[in-house]
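The structure appears below as structure tokens.
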Amino acid sequence: MAMASHRQPKRCRFSPAPAPPPLDSLADELLFLVLDRVAAADPRALKSFALASRACHAAESRHRRVLRPLRAELLPAALARYPSATSLDLTLCARVTDAALAAVSAASPSNLRAVDLSRSSGFGAAGLAALAKACPDLVDLDLSNGVDLGDVAAAEVGRMRRLQRLSLSRCKPLTDMGLGCVAVGCPDLRELSLKWCLGLTDLGLKLLAHKCKKLRTLDLSYVMISKNSFPAIMKLPNLEVLTLVGCTGIDDDALGSIEKDCNKTLQVLDISHCQNATDAGVSSIVKSVPNLSELNLSYCCPITPSMVSSFHRIPNLQILKLEGCKFMADGLKSIGRSCGSIRELSLSKCSGVTDAELSFVVSRLKNLLKLDITCCRNITDVSLASITSSCTSLTSLRMESCAHVSSEGLQLIGKHCCHLEELDLTDNDLDDEGLKAIARCSKLSSLKVGICLKISDEGLTHIGKACPELRDIDLYRCGGISDDGVTQLAQGCPKLEAINLSYCTDITDRSLMALSKCAKLNTLEIRGCPRVSSCGISEVAMGCRLLSKLDIKKCFEINDVGMLYISQFSHSLRQINLSYCSVTDIGLLSLSSICGLQNMTIIHLAGITPNGLIAALMVCGGLTKVKLNAAFKSMMPPHMLRNVEARSCVFQWINKPYKHSRAMGICCSKAGAGELDDDDGFPWKHDDLFHEQLWTSAGVSMHTKQGWKGANQDAMTVCQDFADQKGQIFCGVFDGHGPLGREVARHVRDTLPSKLSSYLKPKTEHLSSSSDLDSFDKSDSTSFSDTSDENQLLSTWKNIFVKTFEEVDQELRQHSGIDSICSGTTAVTVVRQGDNLIIANLGDSRAVLCTRDSKDRLSPVQLTTDLKPNLPSEAARILSCKGRVFAMDDEPDVPRLWLPDQDAPGLAMARAFGDFCLKDHGLICTPEVYYRKLSEKDEFLVLATDGIWDVLSNKEVVKIVSSVSDPSKASKQLIDRAVRAWRRKFPTSMVDDCAAICLFLNRDSSEESLPGAADAKAPAVSSSFTGSFRKVLSRREASSSEEEGTTAWRALQGVARVNSVVRLPRIGAVLSWRRRSASLDEDEDDQD
């Protein structure tokens, strides 16, 4: 026993955990269920699964049943990759040729049962013959919208003997002969659509009824059917659904020709828009279809009591649609008496609907589930009280524009109809209390409350908290909605799929960040929301991978950055509206990576150039519809348009003038009061009236044009009778830089003139009082006419300008809506009073005077100094404040200002408004002030941003302005020449924003005094663009199609020659992000 006590304990053997079963051991049924769940969450996830291993690759190949190739040339590879596919959907392929369909035959896809070509064109009878040969077991074929398919193609369809579902909608060349081939060759047809086949007559329809006895669903909308063939159609023994929308041959004679109880299988009959039918004909047809469950009489005939009383012959009637019909006396009441089984009733846009009759009807229809009373404008709270008390089981209620229903009446909906799943209250007197009541409908999946001006975040919060099943919400023009309400909605409704926030002007990026958490969101409409930017759109792109429709019209702050995120993450995008955005050629071209993009609207997009548009249209091969401004049509070569149209892309030319936008930019005012907006460099729009008025009143020509870097960050202003001094004029040009350079430039543009004027007005009023003239200190005088000491005058103006600039800069620092940590603007301003000119300059914009020398030749005089960091005085100040000045290796001629401990931000100027991260390290906002006494030899003054001076010398600018035939357009032609110089001198660089003001000093004689004015002709804008088109196209014609796309992309892929800011410092990035994302925790920001 003692020996036993010293024995070693037995070692336990731990066997390793059993390895998970290999993927091949799982049953396909179980594996396919998993893949179905994965595909429902994110269709692109299946691709990642297939790349995991060979077993996954094989499993995904066996699982795929539906193929949706993006291009027809991918069809052979797709069929080989997925041999188990049974359905081929080619709706994303705008053009499918006969050769592409022949490739189906080469791949031998014997498993194919369905093919959808409803949105494709380019194929004909030969392609259908190859398809019939390759797919002998085809049962479903959709050839809708085959406007070129005729009898020959129909004959090939007739070879598909096992076909059961066929759509030939809009095959307008089809005649009775082609239909006969289909009828004889496809006797097993169950469903057939012949909508808009205008070539068919009664002969073909009789043959169809004779041969296709198995037909269950038949659509003959807008077909020339008459009483000669209608009885044969009605005698089809298995017919269940018959659609006869807009058939003018369906009249009382045709409807009366049917025998009693002729068709006992028909369940759905649609004779809407058959305007030749009357109540007598409807009463006749009702006798022939005793088992009818759905009847559509919309826009057909007046509703009379006698006609409705005949409905008692169809006791199973459950759906009755009477949209747009006129109710005769007691016509609506008769529905309540004769149609007690109705579950869905549509009275949209019906006249004659009153409270008394509607209340009677709903009191009888106890089983009513869906009710549509849209635009029934005579009903009041009385009707709504009856509806909510009698029909408590309603699942759908649509009552748009019922103006006489009060907010108290709308509250009854939520109190009594708790089973609602769909509710449309657009354009009603709905308020927050009404939304609070509606929130009781916890099953609500669709809510439309657009143009309900009384609702706010409070009401929307109730919906978000109580309606978790909400999938679709419309908040169009609900001005009381802000970020708080949208955030609560997004958090409480994770299944949200579509949201319309158009013209909810208080919406910012914070709302979009909240919506980015709704992974199923596929439709986002935010047009007219000027406060959203690319930051918010990028969050939506990353979070909502199923996004298919995006409307960002008039979202001025969305630029190329947002488009880059969309192109990278939103591969399901099918439709986008970019009008009025700040997207340029780069952003437009980036969208070409979305292969499924089909519909694009770019009517008003100032940042695009003709070359960029052509390149984008050529690269986006899947486009089927593009809306463009009609002005572009003359700029695009006809053969390029034909090339794009040959891919089945339809152009819709909108003949709509460019509308000025307040967010875009020029301010021109008289006495600081009125303002006019500019066209922001819209390439084909030249507002002659605007320039004529500005020239006539002030002798000023002004223009700006957006470059290729993004939103136009240049701004300018002209103020007449400045500081209430008649004839005194103020001009200013501002060049913004950094992430919010545009906002900074416009803020300075709007505040600087008024603040400067406020300093000048008291002094000029003081001078006007003769009693105080002696006591006034001449050092404060601002009246040039009474002062001869130019030094004293300059000193006075310098003090005023310095004080004004510093106060504007301080206000900018404290502005809560503009983060100017790493954003700023230059400024070059001038005040002219009589012969006196005072210039204040901050940064690298420039003022140049054109004068005449001793030989009467025009000569430039630079009035300002470009305040660069490498100027000795500027560099000394910067170094004394521990800032750094050096140029980057790839830009040795561009000295920049850097922080002491970071290689950022790399500012290319030594003085500026804003940029507060550098204000402690040498950057100042003190302007250099200059004075010049004007003489008769001085002709004009040019103020411009560095977009002009980087490519044109002072002498070239003077020559261009002096040679124009119309001085009122001098600035525009100057900028046009600068843009061409950019393209010529720096072809791989992005054109900078350009802004210029030309102030003509001797306006009365300017046209006669400038040399060459009589002979010079201003080049037309369209001519200049057409010339650039021809250069690009000539190169393309000499190269292959593959090289064309590469060349076009590279031409627009360049970098800016000189960027004002190289990169953001870390602290600046944190502060900018913090101000834009209220949902992030402050502690996390500090850690970043």
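Go through the range 294-318 and give me each residue that's within 20 Å of I250 (Cβ to Cβ) and out of contact with any helix residue (DSSP H, G or I) (no Cβ under 7 Å at 6 or more places or on another chain).
Once the filter is applied, which keeps residues that are within 20 Å of I250 (Cβ to Cβ) and out of contact with any helix residue (DSSP H, G or I) (no Cβ under 7 Å at 6 or more places or on another chain), the range 294-318 yields E294, L295, N296, S298, Y299, C300.
Does the range 175-196 hold any residues that are of a type in the set (V, I, T) and assigned to a loop (DSSP other than H, G, I, E, B), and which are they?
Result: T175, single match.
Among the residues of the range 79-89, are any surrounded by 21 or more Cβ atoms within 10 Å (Cβ to Cβ), touching a Ser or Thr at 6+ places or on another chain (Cβ under 6 Å) and within 22 Å of D148 (Cβ to Cβ)?
Scanning the range 79-89, I find no residue that is surrounded by 21 or more Cβ atoms within 10 Å (Cβ to Cβ), touching a Ser or Thr at 6+ places or on another chain (Cβ under 6 Å) and within 22 Å of D148 (Cβ to Cβ), so the answer is no.
Please specify each residue of the range 471-488 satisfying the condition of being under 19 Å from H419 (Cβ atoms) and in contact with a Ser or Thr (Cβ under 6 Å, 6 or more places away or on another chain).
R471, D472
Got a number for residues in the range 190-204 being crowded, with 23+ Cβ neighbours inside 10 Å and either of a type in the set (F, W, Y) or out of contact with any Asp or Glu (no Cβ under 8 Å at 6 or more places or on another chain) (or both)?
Here the count works out to 1.
Considering only residues that are of a type outside the set (V, I, T) and surrounded by 22 or more Cβ atoms within 10 Å (Cβ to Cβ), which ones fall in the range 868-880?
Correct list: P869, E874.
Restricting attention to strands (runs of 3 or more DSSP E) lying wholly within the range 585-662, give those where 1 or more residues are more than 23 Å from L117 (Cα to Cα) and among the basic types (K, R).
Output list reads 625-629.
Mind listing whichever residues of the range 886-906 are out of contact with any Gly (no Cβ under 8 Å at 6 or more places or on another chain) and not small (G, A, S)?
F886, D889, D890, E891, P892, D893, V894, P895, D901, Q902, D903
For the range 36-61, which positions are farther than 28 Å from G622 by Cα and surrounded by 15 or more Cβ atoms within 10 Å (Cβ to Cβ)?
Of everything in the range 36-61, those that are farther than 28 Å from G622 by Cα and surrounded by 15 or more Cβ atoms within 10 Å (Cβ to Cβ) turn out to be C56, A59.
Out of all the residues in the range 916-933, is one or more in a strand (DSSP E or B) and outside the structural domain of S854 (by TED's automatic domain parsing)?
no
Residues that are modelled with pLDDT of 90 or more: which helices (runs of 4 or more DSSP H) entirely in the range 82-174 hold 2 or more of them?
Per the criteria, 125-134, 151-157.
Does the range 551-584 hold any residues that are part of a helix (DSSP H, G or I) and of a type in the set (F, W, Y), and which are they?
If the condition is that a residue be part of a helix (DSSP H, G or I) and of a type in the set (F, W, Y), then Y565, F569 are the ones that fit.
Tally up the residues in the range 972-993 that are in a loop (DSSP other than H, G, I, E, B) and of a type in the set (F, W, Y), please.
Summing the residues that are in a loop (DSSP other than H, G, I, E, B) and of a type in the set (F, W, Y) in the range 972-993 gives 1.
State whether the residues of the range 542-555 include one that is in contact with a helix residue (DSSP H, G or I) (Cβ under 6 Å, 6 or more places away or on another chain), outside the structural domain of I818 (by TED's automatic domain parsing) and buried (at least 24 other Cβ atoms within 10 Å of the Cβ).
No.
Which of the residues that make up the range 205-220 are under 22 Å from H273 (Cα atoms) and either surrounded by fewer than 19 Cβ atoms within 10 Å (Cβ to Cβ) or free of Cβ contacts under 8 Å to residues at least 40 places away in the same chain (or both)?
L205, T217, L218, L220
The values are calculated or read from the model by the stated rules, or taken from the named source; none is laboratory data. Computed from a predicted model, the values in this text were never measured in an experiment. Quick reminder, even Gly has a Cβ in these numbers, built from the backbone with ideal geometry, and neighbours come from all protein chains shown.
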